[in-house]
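Colleague: Could you have a look at this structure, given as structure tokens, before my questions?
The values are calculated or read from the model by the stated rules, or taken from the named source; none is laboratory data. No experiment lies behind these values; they were computed from the predicted model shown. Cβ placement follows ideal geometry from the backbone for every residue including glycine, while neighbour counts extend to all protein chains displayed. Just so you know, the surface numbers come from the protein's heavy atoms only, side chains and all, with ligands and any DNA or RNA stripped out. Shrake-Rupley method; radii C 1.70, N 1.55, O 1.52, S 1.80 Å.
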Amino acid sequence: MAFETDSETLEGEPTQALLTQADRAAKRAEEQAERAALEALEAKALVLMREAAALDSPKQRLDLLLDAADIDTLVPSMPAEQLFFMVQGVGLSDALELVHLSSPEQFVSFIDLDAWKRDELSVEKVITWLRAAGTDADDERFERKLAALDIEVLERMLQSALRIWDLEETPDPDPEGEVFRSP
């Protein structure tokens, strides 16, 4: 069996089979490396959360987390509930960086935990969270959070803020506030 490089052909086993095997092996190695990196990150997040739990004040816990070298990757790997309670402990205005760094899924969890009481949605709380996330300098990160919101949350927000009249049914409505007419 002879193997030559460059523009020469491979003799022996079919070239495609060798490439396919090599591609599969490379893909498996890449997946294993990604899993190992994620597990290491989750382990680091767990250690950090345990250290934070041992501290007395919520502000000290927040500072410990914010001082982490790889905070950009660490925050999205943390449990949403723990981040939410950390934000609640120090106050939303002091924890904006955590909100900015949170994943879209974590952000949705923040709103679910704070704005829903049984089957009632507090639109004011949703807007507060959106305003906090909207202060992020990274517009794409904010847009991903907005896109992750449940359609029901968006519908309820719009219902609370808008009033729509069918002018054929009510030709002369007397609305308060700003009015936009459409054809």
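Colleague: Filter region 41-58 down to the residues that are closer than 14 Å to PHE85 by Cα and buried (at least 17 other Cβ atoms within 10 Å of the Cβ) and list them by number.
Modeller: Result: MET49, ALA52, PRO58.
Colleague: Provide a single number: the residues in region 67-90 that are farther than 17 Å from ALA54 by Cβ and either touching a Cys at 6+ places or on another chain (Cβ under 9 Å) or part of a helix (DSSP H, G or I) (or both).
Modeller: 13
Colleague: Related question: Can you find a residue that is at pLDDT 80 or above, closer than 28 Å to LYS125 by Cβ and either assigned to a helix (DSSP H, G or I) or among the polar types (S, T, N, Q) (or both) anywhere in region 39-53? Spell out how you get there, then give the answer.
Modeller: Kept after step one, since they are at pLDDT 80 or above, are these residues of region 39-53: none.
Scanning region 39-53 turns up no residue that is at pLDDT 80 or above, closer than 28 Å to LYS125 by Cβ and either assigned to a helix (DSSP H, G or I) or among the polar types (S, T, N, Q) (or both).
Colleague: With respect to ASP119, is the statement that it is among the charged types (D, E, K, R), in contact with a helix residue (DSSP H, G or I) (Cβ under 8 Å, 6 or more places away or on another chain) and either loosely packed, with under 12 Cβ neighbours inside 10 Å or more than 30 Å from MET78 (Cβ to Cβ) (or both) true? So that I can check it myself, show each step before the final result.
Modeller: Working: among the charged types (D, E, K, R): yes; in contact with a helix residue (DSSP H, G or I) (Cβ under 8 Å, 6 or more places away or on another chain): no; either loosely packed, with under 12 Cβ neighbours inside 10 Å or more than 30 Å from MET78 (Cβ to Cβ) (or both): yes.
So ASP119 does not fit the description; no.
Colleague: Right, next: Among the candidates ASP166, ASP139, which residue alone is out of contact with any helix residue (DSSP H, G or I) (no Cβ under 9 Å at 6 or more places or on another chain), acidic (Asp, Glu) and at pLDDT below 80?
Modeller: Working: ASP139 fails: at pLDDT below 80.
After applying the criteria, what remains is ASP166.
Colleague: Which one of these does ARG141 not meet: (1) open to solvent by 50 Å² or more (accessible area, probe 1.4 Å); (2) on the phi > 0 side of the Ramachandran plot?
Modeller: So ARG141 meets the others, but not (2).
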